[in-house]
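Worksheet: one structure, shown below.
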Amino acid sequence: MEHHDTFAFLLPFFMLCFSLMFLAARRVDDGASLFWGLGFLSAALGFVFSLVVGGLHPLLQSLIANGLFYGGFFFYSHALLIHFRASTIVVPRLLTALAFIVVATMLLAAGDLRSHLAVSDLGCAAIGCMALASVVRRPERPADLAIMLAFGATLIETVARVGVLLFQTTAADPLSVDSFLGSNYAFLMQIMASIFGFLLGLAALATVVTDIIERHQGLAERDPLTELLNRRGFERAVLGVSGSGCILVCDIDHFKGVNDRHGHAAGDRILRDVAAQLAAALPARTLIARFGGEEFVAYLPKTDLEVAGRLAKEACRAIADASFVTGEGTTIAITASFGLAPELRGAASIHEAIAHADACLYLAKTGGRNRVVIHGLAGIIDRNEIFQTDLALQHG
């Protein structure tokens, strides 16, 4: 029917549109967009080839069309695996595709078009199922769940199409296959395939856009020199942590002198090395940020003041004991001063805790540097008590 033929070109058209969008997104996305684009391009070419190419030997035409469709599902599944950072299982998927292509081609050579069509679709579904089974427990965001549901629905629709084909045709009457393929029921199945393909494209596009936004948001919330959080990223991350903890402020001692004597390149290297020392000395769950210049701020979640004090002392000693090498190969000694304060939950509390820790940092600087000063739970401790606390931390 004429309207069947007209509609048949819509599916490869929007697949080509999706392909162009994904390939364009490849310029700003280093994830799965390339393979989504290749998948939709391969599937679009498969549909176009089946519709417009004639005059070839049936086996050759089938082999090329099947290769394009299998390529589409192979790239779809590859994109899904990359998106969820799962093993890409390339060899098993390739071997599965080759096995189904060989069987489908042999069936066509034997004149069994019905089984050929069924095996071809089942092979595509098998490749997709291998990928879906590898990532079924990995969704964390709504976009992740959407792509899994859309991908799974596409596979179910593919298998259902095989069931309808086998139910509506008989192996004994080869003409019934041709009759079925030109029927209104087959046209309805084509519409369903177009709908599910369109939903898959939208869901995949949503994951790519989400990944791009999160990647750029991450770059905006990271200090490019040390790769720690910056102030903006730190404040957002802290508000997402439940419970109370402690704020630790660290400032490198005499850092201006390092820049003046050894140059800013050496200063940058010292900043990176101190950031690494802090990350190594503090627990993995600690949120560490560079607030600017030579000042670092760390949030120790669910950590009481006594434990945080010991950790701060260890970080202070680790920096003092480390050897820092400038770009010229010169080894220099670096120390840092620390201010520590407890934090109670709430948007205002975190800024108040940072202010208290900053006040302690100032006292650590004026009190001789290379030390930890703690803000007591009862409020600002007088100067002598602070230094007594500091000495107790330094000398055990």
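The values are calculated or read from the model by the stated rules, or taken from the named source; none is laboratory data. Quick caveat, the model's predicted, so the values are computed rather than measured. Because the Cβ atoms are built from the backbone with ideal geometry, glycine has one as well, and the counts that use them run over all protein chains shown.
Is it the case that Phe151 is out of contact with any Ser or Thr (no Cβ under 7 Å at 6 or more places or on another chain), assigned by TED's automatic domain parsing to the domain that holds Asp211, closer than 16 Å to Phe35 by Cβ and not aliphatic (A, V, I, L, M)? In short, yes. Of all residues in the stretch 269-279, none are over 28 Å from the mean Cα position of the chain (by Cα) and modelled with pLDDT under 90.
The rows are residues; the columns are (1) more than 30 Å from Ala353 (Cα to Cα); (2) of a type in the set (Asp, Glu); (3) without any contact (Cβ under 8 Å) to a residue 12 or more places away in the chain; (4) in contact with a Pro (Cβ under 8 Å, 6 or more places away or on another chain).
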{"residue": "Ile191", "(1), (2), (3), (4)": "yes, no, no, no"}
{"residue": "Pro224", "(1), (2), (3), (4)": "no, no, yes, no"}
{"residue": "Glu227", "(1), (2), (3), (4)": "no, yes, no, no"}
{"residue": "Cys246", "(1), (2), (3), (4)": "no, no, no, yes"}
{"residue": "Asp251", "(1), (2), (3), (4)": "no, yes, no, no"}
{"residue": "Gly257", "(1), (2), (3), (4)": "no, no, yes, no"}
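Scanning the stretch 286-306 for residues that are closer than 19 Å to Ser349 by Cβ and assigned to a helix (DSSP H, G or I) gives a single hit, Leu305. Entry remark, the stretch 292-310: residues being modelled with pLDDT of 90 or more and under 23 Å from Thr326 (Cα atoms) number 3 in total. Of the residues making up the stretch 227-261, those that are more than 33 Å from the chain's Cα centre (by Cα), hydrophobic (A, V, I, L, M, F, W, C) and closer than 18 Å to Val373 by Cα number 1. Gln217 meets all of the listed conditions (1) surrounded by 14 or more Cβ atoms within 10 Å (Cβ to Cβ); (2) modelled with pLDDT under 80; (3) out of contact with any Lys or Arg (no Cβ under 7 Å at 6 or more places or on another chain) but one, namely (1). Considering the conditions (1) among the acidic types (Asp, Glu); (2) at pLDDT 80 or above; (3) farther than 30 Å from Leu287 by Cβ; (4) assigned to a loop (DSSP other than H, G, I, E, B), Glu157 is excluded by exactly one of them, (4).
Which one is modelled with the highest pLDDT among residues in the stretch 110-151 that are among the small types (Gly, Ala, Ser) and surrounded by fewer than 15 Cβ atoms within 10 Å (Cβ to Cβ)?
Among them, the one singled out is Ala133.
Contact annotation: residue pairs with Cβ atoms under 6 Å, 6 or more positions apart or on different chains, pairing a residue in the stretch 313-341 that is under 18 Å from Leu282 (Cα atoms) with a partner that is of a type in the set (Ser, Thr, Tyr) and modelled with pLDDT of 90 or more, are Ala320/Thr335.
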